[in-house]
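Visitor: Just dropping this structure here.
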Amino acid sequence: MTQPTNTHKKGWYEVQHRVAPYLFIAPFLVTFLIFGCYPILKSLQLSLYATNGPKSHVFVGFSNYRFLITDPDFRTAVWNTLVYAFWSVFFQLPLALGLALLLSQKWIRGRAILRLAFFSPNLMGQAFVAVLFGILYVPQYGLVNRALHPLMPHLIPLDTKWLQNPSLVMPALVLASLWMYVGFNMIYFLAALQAVDQDLYEAARVDGAGPWHQFLAVTVPGIKPVSVFVLITATIGSFQLYELPYLMLNNSAGPKNAGLTIVMYLFQNGFVTGDLGLASAIGWSLALGVLVISLGQLRLTGTLRNEMQAGKGGKAR
Amino acid sequence: MNRDQKLSPGRIAAHILLFAMAVVVLTPLVWLVAATTKGKNDQFHYTFFAPTITAQNFLDLFKKTEVLQRNIWNSTFLASITVLVQLFFSSLAGFSLAKYEFKGKKPITILMLATLMIPGQLTMAPLFELLHRLGLVDTYLGLIIPGAVSVFGIFLFRQSISQVPDELLQAARMDGCSEFGIYWNVVMPVSRPMTGAFCLISFMGTWNSFLWPQIILHNRELFTLPIALSQMVGVYSQEYGMLMAGTLIAVLPVFILFLVLQKEFVAGLTAGAVKG
Amino acid sequence: MRAFPYGKAAFMFVVLAFVSSGMLFKNAATSRAHRLPAGARKVTFWVFADTHYEAYKKSIPAFEAAHPGVKVDLQLVSNNGLAARLQNAFLADLDVPDMVEIEISSSGTFFRGPLKDIGFADLTERIHSTGLWDKMVHARFAPYTNRGHIFGLPHDVHPVQLAYRRDIAEQLGIDVNKIETWDDFIKVGHRITQLNKRYMIDLSDSGGDNLETCLFQRGGGYFDPDGKCILDNETAIKTMCWYVPLVAGPNRIGNSLGWGQVLTKAVEDGYTLFLFCPDWRSRSFEKDIPRVAGKMALMPLPAVQHGGARTSTWGGTMLGITKRCKEPDLAWALAMHLYLDKPQLAERFRQTSILPAMSEAWNQEAFHEKNAYYSGLALGDSYARLAPDVPFQYTSPFIGVAKAKLGSALVACVQEYSAHPDRDLEPFARAELKRCANDVRTLINRNPY
């Protein structure tokens, strides 16, 4: 690397310095415009058509949306997705945080091994977890029943049909998703806990705060940003549920559509029946729902955080 | 922190709880391994391992599904290419956002945040149409190009690169280093933990993805492992041992990668998520 | 490593990318080597059942020998998503095979939209001009016919019998010869069923598969010949009200643990004694539950009433030739070889136990052979005797929805009956089926084509 000497080189140097940020971000902008923006707008248009595969279109106005509102299957799909999202996030986050809190204690032996154990299920994709749990859940001989029946002989008979009984499909799904995702979120919390300034604990201890007060005064505000992040990604993730129920229920929506999710409904209508228009309408409904819910979560947690910061004068980022 | 090394009853209870939970979490995986070693008619006669262990499931797997060897390489190819492409473009964009002031930076950042919230399923139908018109359906390009830049990756890199001291960059500029030279010679070498973490995240994402490849790929010779496995579920639904053997083969590489990259992974997430 | 800025981890992926590209090139090269030189004639043929696949693999060399220079590329593909993939490929002009076997429940999917969009070639002309129409069981053409055009050749007849654990039945003093009607069967069922331990019959309370077979036996179904949904007619309601107490409530005699090795274990353990057994399933049992060989037997399905038909139907396969097939005559010749050549059919029966749709083939030796697994029964004859009574079934592009709806209605009725076994199920079942049928009709009316 030598110092630029002549003016021509200097000019080039200036230009590349000014152009660089645009060049660097250009690939993102280009792919985003072509494969993000265009399809988003296109799907808005497509949702007004009835289609038979990508070749034939018939304009039908808002008929797709009208159909969705009245379709009982769509309602089932929305309900199932909401129920799943609620319960999986409801159990996932406290469990993940609890594990992280324990594992961040220096006196725990074998932390590396424990961390690996809890995280390992996440290394399997949803598709593989689905196939595995599809077998673990079988009645009479499956591992889940063999393990739970002796613990709760009356509540869970040996021939409990987790995946054939419509009221058990959702618990089965939530259980499998917990197995998969608790460890993943635990890693985020662990990272957040490690980043909390240790001096703050020291200061709190000097002030005479017990462990519980330390937790409330130091830990909670310290891990707040990560918690919000985990909450929102976990929620968005559960709204996109598809592989897990679809493969676990043997390529179907399960008994009485108990495992039908919005994305599965979208896939079946768009890519099985070939109605890409209806699929687009479903996609828009899903996107709006996710947007509303995550904005709501942001607002809720954001205002909460602002109040706390007003009281304590925490740092901005 | 290390006030006393003694184990109080509370601490012993905590250990018991944690290790018991770890056992519960690992049990399905142990069962999975056990299932691959059991013969067809012994699958449910023994809860875990049978007295005699057989490799028949793996032999059947490769014999009956002639193309499985292909599926493994297909998945490897697709995932590693995707990792490299995403790594390059995402870190470049992250660098741009972290270290430059330029017109349109703010709207672009907001745009990116918005895309994180829009579920990809929204665009599946028109994207399929678009790729169909571009002739990219049933090709790997149809999978690689639309996902060439990972927004999540941009955020990760923006975060880690913003912690690189500006003095380093200025010093390089003094030496006449070009902006890309700075990226290549200065910024990326000090961002290696994040690079490692991102590689793993990106690899796992592609290796395990199912829905979109299932829509785009039609030719059996192009199938990835998850699609091949779901096909096997259809044809050999009776043979759990074989299915589990297929699953094990699909999971093993990710496991090994994770073991190798574990340190970077956690370090990267620490950098990325805490301040995110 | 200094020259590479991304570090060891990323470098590993560079290596992986290179190695896997190499393997992909190698694989592509082997594919090309297997591909035939330009001008060679090839028929690509997809099948979804591994039993068919194994059997065709054996009988295709004879065809290739009779047609020099012709190569048949037989591929086993999963029925999961097969219909979706193929339909997508038809609609998006992607590569499709020359010939495909399609499962009866998804055949209707392909008849959606204008006739010109249907991906299968119209075989009506060929079937009538070659006299095929008179050689095959007519009932089996029905599901593959749409708007008067026949798009598929029937592979099979699929009469249903009951398979049962002969040894346990004898121990329990069950005389199957005395079981003529379902009433007889249920009476025995009540005597020997012990809840959560032993059930008379493998019947599903969560999916419509078994219910559908019962519905067909009573002359019901999903659609009438004109494609109108008949899920809520009196037959359907009556069948539902009869079926639900068999799988739910305190007096149930049926339960189903599922498929795969769960079923294997359930049969081995004597958890379920009788099972619906169409011809194709009789072979699955032989293959998958070898430990009960010689302890199994078959009996005709109990009749709905005295003198009624002692069978029904479950499943089926059609063979279609795609419109994009370049050599339809060659494909047709292969179809004739596989579906109509008598010695071939006999040989294949020995491998699959499936009764072919061409009735002339049934008098061959293979169909009279005694089967040791089923306690020395002449398997072919036992099914062939019932073939004339196999009920018609009709399909529609909306068959998938209709099937799902019937399953949902069943589950709803099972829940209702389990909660209130003393209540009359009929009004509930009627309302439930009505709702399902109306949902299907809404979908049919929405279709703008």
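Visitor: Most fluctuating residue of B:Gly135, B:Gly94, B:Gly196 in a GNM of chain B with Cα springs under 10 Å: which is it?
Guide: B:Gly135
Visitor: Next question, about the same structure. Amide H neighbours of C:Thr181 under 5 Å, at least 5 residues apart or on other chains, H built in the peptide plane: list them.
Guide: Correct list: C:Ala303.
Visitor: Mind checking the alpha-carbon convex hull of the protein assembly as shown and giving the volume per residue in Å³?
Guide: Working: hull volume 207.3 nm³, N = 1042.
Looking at the protein assembly as shown, the number lands at 199 Å³ per residue.
Visitor: When only alpha-carbon atoms count, how far does the range B:58-275 stretch along each of its three principal axes, as whole angstroms with the largest first?
Guide: If we take the Cα atoms of the range B:58-275, the spans are 66, 40, 30 Å.
Visitor: Counting Lys +1, Arg +1, Asp -1, Glu -1, what net charge surrounds C:Asn233 among other residues with beta carbon under 12 Å of its beta carbon? Working shown, then result.
Guide: On the way: positive: C:Arg218, C:Lys228, C:Lys238, C:Arg430, C:Lys434; negative: C:Asp224, C:Asp232, C:Glu234.
My count for the surroundings of C:Asn233 gives +2.
Visitor: Let me ask you something else. Distance between Cα centroids, the range C:407-449 to the range A:235-308: provide it in whole Å.
Guide: The range C:407-449 and the range A:235-308 have Cα centres spaced 26 Å from each other.
Visitor: Something else: Can you give me the relative contact order of chain C as a percent, contacts being Cα pairs under 8 Å and 6 or more apart?
Guide: Numbers: 728 pairs, mean separation 105.5, N = 449.
Relative contact order here is 23 percent.
Visitor: Shifting gears a bit: In a Debye calculation with equal point scatterers on the alpha-carbon sites of chain C and no solvent, what is log10 I(q)/I(0) at q = 0.13 Å⁻¹?
Guide: One equal scatterer on each Cα of chain C leads to -1.21.
Visitor: Expressed as a rounded percentage, what relative contact order does chain B have, with Cα pairs under 8 Å and six or more residues apart?
Guide: Working: 259 pairs, mean separation 81.3, N = 276.
Result for chain B is 29 percent.
Visitor: Moving on to the next point. With the radius of gyration and the Kirkwood radius both derived from the Cα set of the range B:9-54, what is their ratio Rg to Rh?
Guide: 1.24
Visitor: Which far-off residues, 5 or more places away or on another chain, put their amide H under 5 Å from the one on C:Asp205, with H placed in the peptide plane?
Guide: When sequence neighbours closer than 5 places are left aside, the close amide H contacts are C:Ser256.
Visitor: Shifting gears a bit: If we count trypsin sites (Lys or Arg not before Pro) as exposed when they sit in a DSSP loop and have at most 16 other beta carbons within 10 Å, what is the longest stretch of chain B that avoids them all? Before the final figure, lay out the partial values.
Guide: Numbers: sites that count: B:Arg3, B:Lys6, B:Lys103.
That gives B:104-276 as the longest site-free run.
Visitor: Would you mind counting up the charge near C:Lys197? Only other residues with Cβ under 10 Å from its Cβ, with Lys and Arg at +1 and Asp and Glu at -1.
Guide: Numbers: positive: C:Arg198; negative: A:Asp159, C:Asp269.
Result for the local shell: -1.
Visitor: A follow-up question, please. Per DSSP H run of at least 4 residues, take -39500 (n - 2.57); add these up for chain A, divide by its residues and hand me the 222 nm value, nearest 500 deg cm²/dmol.
Guide: On the way: 14 runs with 216 residues, N = 317.
My calculation for chain A gives -22500 deg cm²/dmol from helical runs alone.
Visitor: Follow-up. Principal axis lengths of the range A:53-93 from Cα atoms, whole Å, largest first?
Guide: Principal-axis extents of the range A:53-93 (Cα, largest first): 45, 23, 13 Å.
Visitor: Select from the range C:183-238 those trypsin sites (Lys or Arg not before Pro) which occupy a DSSP coil region and have at most 16 other Cβ atoms within 10 Å, ordered by residue number. Before the final figure, lay out each step's value.
Guide: Working: sites: C:Lys187, C:Arg191, C:Lys197, C:Arg198, C:Arg218, C:Lys228, C:Lys238; in loops: C:Lys197, C:Arg218, C:Lys228.
Here the trypsin sites (Lys or Arg not before Pro) that fit, given the DSSP loop and packing criteria, are C:Lys197, C:Lys228.
Visitor: Which residue, C:Gly260, C:Gly220, C:Gly249, tops the fluctuation ranking in a GNM of chain C built on C-alpha contacts under 10 Å?
Guide: C:Gly260
Visitor: Still on this structure, please answer the following. Based on the Cα gyration tensor of chain A, what are the three equivalent ellipsoid semi-axes, each the root of five times an eigenvalue, rounded to whole Å and given largest first? Before the final figure, lay out each step's value.
Guide: On the way: eigenvalues 300, 265, 78 Å².
So the three semi-axes of chain A are 39, 36, 20 Å.
Visitor: Compare the Cα positions of C:Val292, C:His67, A:Leu173 along the charge dipole of the protein assembly as shown (+1 at Cβ of Lys, Arg; -1 at Cβ of Asp, Glu; about the Cα centre) and return the one farthest towards the positive end.
Guide: Checking the options against the dipole of the protein assembly as shown, the answer is A:Leu173.
Visitor: Only Cα pairs within less than 10 Å get springs; with that Gaussian network setup on chain A, which residue of A:Val60, A:Val89, A:Val206 has the largest fluctuation?
Guide: Per the Cα network of chain A with a 10 Å cutoff, A:Val206 tops the list.
Visitor: Near the amide H of C:Val72, under 5 Å away, which other amide H atoms are found, from residues 5 or more places off or on another chain, if H is placed in the peptide plane?
Guide: Result for C:Val72 returns C:Val43.
Every number here is computed from the coordinates shown, using simple stated rules; none is lab data. As the structure is a prediction and not an experimental result, all values here were calculated from the model. A quick note on method: Cβ atoms are made from the backbone with ideal geometry, for glycine too, and the neighbour counts reach across all protein chains shown.
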